[in-house]
Amino acid sequence: MAPLLNPLDGAFFDLSRRTKVRVTGEDRHRYLNGQITNDLDHATESNAIAACILSAKGRMDAHVFVSREADAFVLDAEIELRDTLLPRLERYVIADDVQIEDMTERLSILHVTGAPLVDLPASCHIISANRFGVDGKDVWMEAAQHDEVFETLEAIVPFFDQDRAEVFRIEQGIPRWGRELTGDIIPPEADLETSTIDYGKGCYIGQEVISRMKMSGQRNKKLSGFVSLDDSPLETGMKLFSIGGDAKEIGWITSVGRSKRFHKEIGLGFMKRPFLPDKFKLDARDPQDAFRATATRVEIVDLPFR
């Protein structure tokens with residue numbers, strides 16, 4: 001039997017489909033810093049920061065990573081945001097000297113965890129980025145170089161395809177756009193406060209809502225991990241109910257997968273306030289028929305999964 005691969009020991013991921021945007025112009029720093037929740041000064045040519053782009057009501061318009069070039073900033077986000085990210089950014093370019101360009105097709109990204117980077121072409125741009133709750137390196141390149149760099153990395157570190165990358169993301173408790181992250185979510189509800197919000201920076205769109213939430217300490221929902229107790233597969237969209245309780249929905253599941261590392265059926269989702277403690281057992285029911293007789297028993301667990 002082949003040994004079980006652990007991406008924490010070394011793996012690489014192909015993120016080339018992600019939306020990529022370049023922001024240039026004399027006013028790029030002031031403008032972009034007013035759009036994102038994190039402090040743009042922490043984005044460098046060798047280090048990417050995670051940030052959220054919000055509506056005026058504090059709800060998420062995008063989750064992005066931002067790095068710096070000599071005369072530009074580069075943002076990348078899930079491919080599902082390609083049609084909306086540019087219009088959202090351009091909406092607030094009023095009299096600014098700012099240009100925003102879609103670079104999705106021109107650039108590729110490979111991400112490496114737990115392994116040194118050697119023998120890569122000098123033209124590759126290496127950037128530190130924490131995408132899976134662990135330190136990693138982004139390898140940026142022109143799209144024409146993708147296959148050459150892919151083969152170089154594949155010779156030294158295991159490749160995790162999209163399915164395995166998704167399970168690893170769930171294991172690490174990392175929310176993703178289109179699953180946990182939607183236009184209904186405020187960043188602290190998805191456990192993004194530490195990684196994407198700088199409370200000491202200047203003003204940005206949606207800041208008032210985020211500041212009020214910090215002062216009150218209140219959230220209407222929170223990101224949670226779930227484990228199937230009888231090892232039955234979980235389903236995206238399952239609704240969660242207290243065992244033996246009333247018919248009131250108290251949570252839902254947004255991402256599911258089979259963890260070979262932990263030998264468990266696991267999922268991410270949200271619990272509504274008031275929040276139940278970890279190790280609390282729930283019934284997960286079919287999203288199409290939440291009141292059918294059968295249910296899958298699940299337990300709330302800490303993130304990341306252990």
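The values are calculated or read from the model by the stated rules, or taken from the named source; none is laboratory data. This is a predicted model, so every value here is computed, not measured. Virtual Cβ from ideal backbone geometry, glycine too; neighbours counted across all protein chains shown. Heavy atoms of the whole protein, side chains included, go into the accessibility calculation; ligands, DNA and RNA do not. Shrake-Rupley method; radii C 1.70, N 1.55, O 1.52, S 1.80 Å.
Do any of K20/K57; K57/K272; K20/K239; K57/K137 go past 31 Å between their Cα atoms, and which? K20/K239; K57/K137, as the Cα separations exceed 31 Å there. Expressed as a whole percent, the accessible area of the chain that falls on carbon and sulfur atoms is 49 (1.4 Å probe). Net charge dipole, the chain: roughly 1460 debye, given to the nearest 20, about the Cα centre with Cβ charges of +1 for Lys and Arg and -1 for Asp and Glu. Of the peptides 31-37, 99-105, the order by per-residue mean of other Cβ atoms within 10 Å, starting with the highest, comes out as 31-37, 99-105.
Probing with 1.4 Å while keeping every protein chain in the model, the per residue accessible area of the stretch 1-80 equals 41 Å². Excluding ligands, DNA and RNA, the accessible surface per residue across the stretch 176-253 is 49 Å² with a 1.4 Å probe.
Solvent-accessible area per residue in the stretch 85-156 equals 50 Å², computed with a 1.4 angstrom probe and all protein chains kept.
Extension gain, D41 to F262, is 75.7 nm, computed as 0.36 nm per intervening residue step minus the present C-alpha separation.
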